[in-house]
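The values are calculated or read from the model by the stated rules, or taken from the named source; none is laboratory data. In this text, all values refer to a predicted model and were calculated from it rather than measured experimentally. Every residue, glycine among them, receives a Cβ derived from its backbone with ideal geometry; neighbour counts consider all protein chains shown.
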Protein chains: 2
Amino acid sequence: MALTREQVVDAAVGVLAGFGLADLSMRRLARELDVQVGALYWHVKNKQELLVDVAARLLGGIEHLPDAAATPREAVTSLATAIRAALAPVPDSAEVVQLAQTMQPAALEPLTWLRELLEEAGVAPQRSAWARHLLLNHILGSVAAQQDRSRLEAVGGTGGPDLGTDAFAWGVETILDGLGI
Amino acid sequence: MALTREQVVDAAVGVLAGFGLADLSMRRLARELDVQVGALYWHVKNKQELLVDVAARLLGGIEHLPDAAATPREAVTSLATAIRAALAPVPDSAEVVQLAQTMQPAALEPLTWLRELLEEAGVAPQRSAWARHLLLNHILGSVAAQQDRSRLEAVGGTGGPDLGTDAFAWGVETILDGLGI
DNA sequence: ACCTGAACACCGTTCAAGT
DNA sequence: ACCTGAACACCGTTCAAGT
């Protein structure tokens, strides 16, 4: 049975989740899939394009319209939290999303919803693109900072109660306060 | 005359400013300095340590206490703007600073001043570390976004009036508003 | 003290040739 | 259509040996 692009992305997500971006090489992927390196280039144009698919997969499980009952502001908070939760367990996920966002912004749907929700919550259309960036920088920065910390703890981790969550939630509230919504 | 660590850092900053992080390899540096690669490793422990020095150099020209006459809030804005101005012309500088910040936070003095100024402006000491991160993520995110845009324009650039500046200033004000200072 | 030469163990990408 | 084999042009790091 022939290799599929799906399988290549699966393997890439697996290596990223298990070992981080430094170990995610095309050659490692080929080994994992029992093919030669060149075979991968029939299914993906290059590594960057593959990473866009990886980012999309990481964010793929996020649902739109989480709570019809919530206030518009709570809807923003809820989506931001869902994005963070999806990225937090995967090492270097913030870097991968940032890259994908730069190369193909439209490929990461949940990140575009952020702008819509901000407008529904009262942010002016002229400001919503900037506001989305502000929020996204906070989300990705929080994820990266938390993962850097856990890298230092290494295996002898303290197993603490996820201190990053408080800082993250506070940051979201601070931004929304600043937006006056 | 023997090679110095200073010269290695100089060369690294030069390659980064001129060609970006992708071209900043130890081998390229050795070529530029007319030595063998191994020679570099007598002056720096590894590439990461060198990049910390590069980041420190990029931020090294920033002065503390810019305006004694300014309000505390203006002092924060002024420092944030100075940091952005120092990084904006150097490709991939945000990535390099983020790496350095992770590896040796104390090595980047101007970034530590940000916290002090925020406290002087009225941010509670328990919140000032989080607030600094929020602001820093905005600064670095703005720099990266602007450089990504100018990468797409490439050589045939429109030469527009630096649209990123407005978004940056607005973001700083929004964060400070959210902090209630 | 400072550097060379050479090696080790990797990379991403391409492409003729096979099936 | 899909993959192999092999090459091209690179990496970061180490280290005996030279001066």
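Miscellaneous remarks
- Among the residues examined, A:Ala17 does not qualify as under 20 Å from A:Ser93 (Cα atoms), more than 10 Å from DNA strand C (Cβ to nearest atom) and without any contact (Cβ under 8 Å) to a residue 40 or more places away in the chain.
- Residues within segment A:16-36 that are near DNA strand D (Cβ under 9 Å from one of its atoms) and either surrounded by 13 or more Cβ atoms within 10 Å (Cβ to Cβ) or of a type in the set (Gly, Ala, Ser) (or both), tallied: 3
- Residue that is away from DNA strand D (no atom under 16 Å from the Cβ) and more than 17 Å from A:Leu108 (Cα to Cα), where the choices are A:Ala80, A:Ala56, A:Ala39, A:Ala70: A:Ala70
- Among the residues of segment A:1-38, just one is among the acidic types (Asp, Glu) and not in a helix (DSSP H, G or I), namely A:Asp34.
- Pick from segment B:144-163, criterion at pLDDT below 95 and at the interface with chain A (Cβ under 10 Å from one of its Cβ atoms), ranking: farthest from the chain's Cα centre (by Cα): B:Leu152
- Which listed residue is more than 14 Å from every other protein chain (Cβ to nearest Cβ), without any contact (Cβ under 8 Å) to a residue 40 or more places away in the chain and under 10 Å from the mean Cα position of the chain (by Cα), from B:Ala56, B:Ala30, B:Ala85: B:Ala85
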